[in-house]
Each structure stands twice: as C-alpha cells, then as structure tokens.
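Below is one structure, written out as structure tokens, with a few remarks after it.
The values are calculated or read from the model by the stated rules, or taken from the named source; none is laboratory data. Note that the structure is predicted; figures quoted are calculated from it, not measured. Virtual Cβ from ideal backbone geometry, glycine too; neighbours counted across all protein chains shown. Heavy atoms of the whole protein, side chains included, go into the accessibility calculation; ligands, DNA and RNA do not. Shrake-Rupley method; radii C 1.70, N 1.55, O 1.52, S 1.80 Å.
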Amino acid sequence: MTGVPASAAGGPSGARRAAAGAASGKVPGTSVGRSAARSAEGGAAGATPTAGQGAAAGAPPGAAAGAGDGRAAVGDGSESAVVDAQDDGRPARGGKLAAAAVDQASVWNVANLLTMLRLILVPVFVALMLADGGYDPAWRSLAWAAFAIAMITDLFDGHLARAYNLVTDFGKIADPIADKAIMGAALICLSALGDLPWWVTGVILGRELGITLLRFLVIRYGVIPASRGGKLKTLTQGVAVGMYVLALTGWLATLRFWVMAVAVVLTVVTGLDYVKQAIVLRRQGIAERKAALEEKEA
C-alpha cells in the first residue's frame, strides 16, 4: 500500500483513524506491519531448513512447508498419526485387539454350537444306554435317539462351517473329538453289555485313533483329504451301531450283523488307504524340501 494515502484506502473513516493515529503519535498500520514482519522473519527462519530438506528430497520447498502447515492444523497430531500409520500400511492402534475380539466372537457360531451339543450328548447317551441294567427297550430307544441326533449333527456342522466360512480353531479340534467320543462310547457300552464282540470295538477304535495320530504326524507335509470311502465308512458305522443300540430281534438282528460286518471291512480298507496316502505324502514332502534346499544352495 506504499504511495496510497490512508484516507484513500479507507475513505472518510480511514482518514479519521489516520488523524487519530497521528495525534497519538502512531502511524496507522505499524502494529500490523510489525506483526507481519515478525511472521515473515519467523517464516523465513522456519522455511529455510524445510526448503532445503524439500529440495534434497526432490520436492519444491513450498510443498514441505505446506505439508507442515497441514499437519499443524490437525491439533495435537493424534489424527495425523493415525492417518500416517494407515498410509504406511500399518494397522491403527487397537486393530489387533479388535481382530482378536472378532475371532473370539466367531467361536460361538452355529457349526461350533452343534459340535458342543454332540459333546454334551456323549454322557447323556451313556446314562441312557446303561439305565436299568442296559437291557430295557425303552431306555435303549432313548439312547438311540441321542445317538441319532449326535450323528445327524455331525453331518451338518462341517458342511455349515465350510459353506458359510465358519471354520475356527476350536471347531478343527472339537469336531473330530466329538466324533470319536460318541462312537467310542457306543461301541464300549455295547461290548460291555455283551451285544458286540470286543474285537470289533478294538478294530474300529484302533483304526480311528491310529488314523488321527497319523494325520498329526504327516501334517507338516500336507493334509490327508477325506475320501469317499471314509465317508461311506462313517455312514455304515453309524447305521450299524445305531441298529445295535436298539433292542432288535428276528431278521433285523441278523441284518444288523451284516451291516456291522460291512462297516468293519470298510474300516480296515479305508484305514490301509489312509496309511498309503500318508506314506506318499511324506515322500513327496521330503523330496520337495530336498529340491528346495538344493536350489537354494545352487
């Protein structure tokens, strides 16, 4: 505004303010000018290193100063810290806790609830099976109902977990335990009551426990998938054991004998097939690791 009278800049009111300032010994705009000068000096002092840093980084000096002003406008810097963390690809503070809470909540899904129900039905089945000496047809019918519910839930919980992405670590551990528990309880009760030879119980339970242990031994090399024969074996075992739980007589008693015979054969055959798959999987895993080491050394 050099060369422009104060009266021209502000009109009559500006002239009056200029006159008042002259009477008090102050020049209009001097305080504003001094503030501007101090701001300019501070800006020059602060902008000099920033500009140098921006130039060293290949950016215009004004860009660095502008970025600094933008961050200062946020306030205490907490929001910009979150934004910077997100821009760097780092999760915001508390993200891990939130993820852990979601994982914990996902345990209580419908598939896991069915697995828990099956575990609860194991002692219920045993109590009903052995009630009144274990030979009362009414109690045996109730035991069969508990066994049937457990076997039906076994068909649905795995399907629901895979179809709706409800697979959890709890389900991976609890589901096979529940399967073995209900089947083992039924076989042991039947053998204890004299309805089923002990060697049949030994073959079936030995195979189930052995294959489970074998899966854990070769899990470092891969997973042995469930075969159609294994699923047919499980279905046949469930039908045969269910028929033995019921107090059947006549031709139905003869039929259950043959169904159990088929179940035992499938148990042995599929068990041997799993052993073969485990051996092949282990050899492939060892060969792949050896090839990877040789390639790394080369």
>> Between 215, 256, 220, 228, which is under 22 Å from residue 136 (Cβ atoms) and charged (D, E, K, R)?
In response: 256
> Do we find a residue being in contact with a helix residue (DSSP H, G or I) (Cβ under 7 Å, 6 or more places away or on another chain), modelled with pLDDT of 85 or more, surrounded by fewer than 17 Cβ atoms within 10 Å (Cβ to Cβ) and not in a helix (DSSP H, G or I) anywhere in segment 135-145?
Replying inline: no
> Does at least one position in segment 176-195 carry a residue that is under 23 Å from the mean Cα position of the chain (by Cα) and modelled with pLDDT under 85?
Replying inline: yes
> Which residues, taken from segment 208-225, are touching a helix residue (DSSP H, G or I) at 6+ places or on another chain (Cβ under 9 Å) and open to solvent by 30 Å² or more (accessible area, probe 1.4 Å)?
Replying inline: 209, 210, 212, 214, 215, 217, 220, 221, 223, 225
>> I'd like to know if segment 224-244 contains one or more residues that are among the β-branched types (Val, Ile, Thr) and modelled with pLDDT under 85.
In response: yes
>> Cβ-Cβ under 6 Å, sequence separation 6+ or interchain: first residue in segment 204-217 and within 17 Å of residue 236 (Cβ to Cβ), partner open to solvent by 40 Å² or more (accessible area, probe 1.4 Å) and part of a helix (DSSP H, G or I). Which pairs?
In response: 208/180
> So which residues in segment 184-197 are under 15 Å from residue 263 (Cβ atoms) and open to solvent by less than 20 Å² (accessible area, probe 1.4 Å)?
Replying inline: 184, 186, 187, 190, 191, 196
> Out of curiosity, is residue 249 modelled with pLDDT under 95 and of a type in the set (S, T, N, Q)?
Replying inline: yes
> Can we say residue 181 is open to solvent by less than 40 Å² (accessible area, probe 1.4 Å), over 23 Å from residue 265 (Cβ atoms) and out of contact with any strand residue (DSSP E or B) (no Cβ under 6 Å at 6 or more places or on another chain)?
Replying inline: yes
> Looking at 148, 163, which one is under 26 Å from residue 249 (Cβ atoms) and of a type in the set (A, V, I, L, M, F, W, C)?
Replying inline: 148
> With respect to residue 166, is the statement that it is in a loop (DSSP other than H, G, I, E, B), farther than 15 Å from residue 208 by Cα and open to solvent by less than 80 Å² (accessible area, probe 1.4 Å) true?
Replying inline: yes
> Looking at residue 123, is it surrounded by fewer than 14 Cβ atoms within 10 Å (Cβ to Cβ), under 34 Å from the mean Cα position of the chain (by Cα) and at pLDDT 90 or above?
Replying inline: yes
